[in-house]
Amino acid sequence: MVFVVDTSGSMDGDKISQAQVALRDMVDMFGEYDQFNIISFQTAVVPFEDWMVTIEFKDQAFQFISHLSGDGLSNLNGAMREALTVLKRSHQRNRFPLILLLTDGLPTIGETNFDVIRENIRNLNDFGASIFTLGFGKDCNFDLLRQIAAENHGFERRIYDALDMDEQIVNFFQEVSNPLLKDFQVQFSPELTSLSLSSFPAVVGGSEIIVVGQIPPGVTSDEISVRILADRNPGDYGDLQPYAFNHTFSLSEVREDSSFFSSSLLFTQIYIHKVLDELLIAPPSSSLAASLENTAVNLSISSSLVTPVTAIVISAFNRTLVSESLPLYIGGGTKDFFKEILASTFLPITIGVTCALLVIIILVGVGVSWWRRKHRNFKKMTDEEPEQSPSGSPSIPLKTRDL
């Protein structure tokens, strides 16, 4: 595993301190056969070593970690190029190449175009390394981290600003640092349509994999066969061993199962997730992106699911599901949001009552304001002291006499 650590100026303070604690804990967890490296990046990219090292270099790694400090700009592109080059140089068939990227911000020096950075990483990662990304705090560009992870067999995680940031990092490391199977594939017979992701470069310990699909029309067989193929890690980093698992189940038994409906909903949820992952890395404003978004919206509406491309609206009369493009799910049919609202007899009544109340409030406000102004003028005039005439008798003020 290669740790790629952002040490730019924005990481200075608690972030870099807790990252150092987490790095020491993670290095201390490596076993005899593990290999690792650390690459820090700010304006310059600084690797711990130019090759992968073993736990024998633990003390030197601790010294390298202790000298990390937050300063300078963020050269993300250069750091990822260095990490992939070092990892590829030492890559062996019986090892699982992993990269863990920790950053809190945007690339600000070197190559800063997101699309170019992603393309560079994809081109260098031709040996199937899994890249996992950790974003510190709310200011990081989480979309970029999600795209990098999704395109390189990994996933992302946000690290929240708190006193236990180091624990959050270590927990994530434990989640991804125990690969058990390589080149994992799931095959169905007969082949299924609308298949979710069914092949994975690596499967780590503690992970869960769910693969779903639809039985194509015209299939008469009552049986579905599932075959799983992978290379298994023997535990001592010897030669990988082939692994195969086969299972056949009856469709009639599945349909009789009381959980069949929830399984259908599960298929929709997982398939929408796959479509959204593809949408994340699709070129913006392209026909592919539009097609994927429409697919996700239509599936979400037909299943009454709230997803990143839809929203739910609860009214007093019915339960409605509306997406950003405003298709609305009402009792089994899709209708235009504004047409549905304007067709309602409740809306004109509501608008009329609201307008009448506003007019009344305005008139009352004007009346109260006029009364207060007149009352204030009257009080001012009556409170004035009468002037004394030359004869000693009080004279009547002009304003009071006029009043």
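The numbers here are math on the coordinates, done by the rules we state, and not lab data. Keep in mind that this is a model prediction, so the values were computed, not measured. With ideal geometry, Cβ positions are generated from the backbone for all residues, glycine too; neighbour counts draw on all protein chains shown.
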Exercise for the section: Which order do the peptides 176-183, 246-253 take when ranked by the mean count of other beta-carbon atoms within 10 Å per residue, highest first? Expected result: 176-183, 246-253
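Just order 358-369, 298-309, 1-12 by mean Cβ neighbour count inside 10 Å, highest at the front, would you?
Going by the mean number of other Cβ atoms within 10 Å, highest first, we get 1-12, 298-309, 358-369.
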Problem - At R0 = 56 Å, FRET efficiency that the Cβ-Cβ distance of Tyr33 and Asn113 yields, to 0.05 - result: 0.90
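By counting other Cβ atoms within 10 Å of each Cβ, how are Arg158, Arg95, Arg373 ranked from fewest to most?
Arg373, Arg158, Arg95
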Exercise for the section: Provide the percentage of antiparallel DSSP beta bridges, counting only those with both residues in the range 86-242; round to the nearest 5. Expected result: 60
Exercise for the section: Would you work out the relative contact order for the range 2-177, in percent, from Cα pairs under 8 angstrom that are 6 or more residues apart? Expected result: 24
Handout entry: For q = 0.19, 0.22 Å⁻¹, Debye-computed log10 I/I(0) when each Cα of the range 180-256 counts as one equal scatterer
Key = -0.86, -1.04
Completion exercise
Reduced to Cα centres, the span from the range 54-80 to the range 166-234 in Å works out to 34
Completion exercise
Packing-ranked peptide list from 284-292, 190-198, 30-38, highest mean Cβ count within 10 angstrom first, is 30-38, 190-198, 284-292
Practice task
May I ask you to compute the full-extension gain from Leu358 to Leu197, defined as 0.36 nm times their residue separation minus their alpha-carbon distance, rounded to one decimal in nm?
Solution key: 52.3 nm
Exercise for the section: May I ask which of Lys138/Lys274; Lys58/Lys88; Lys15/Lys88; Lys138/Lys182 have a Cα-Cα span longer than 27 Å here? Expected result: Lys15/Lys88; Lys138/Lys182
Fill in the blank from the handout: Once Arg158 and Thr54 are pulled to full extension, the length gained, defined as 0.36 nm per residue separation minus their Cα-Cα distance, is 34.6 nm
Exercise for the section: Normalising by the residue count of the range 180-256, find the relative contact order in percent from Cα pairs under 8 Å and 6+ residues apart. Expected result: 33
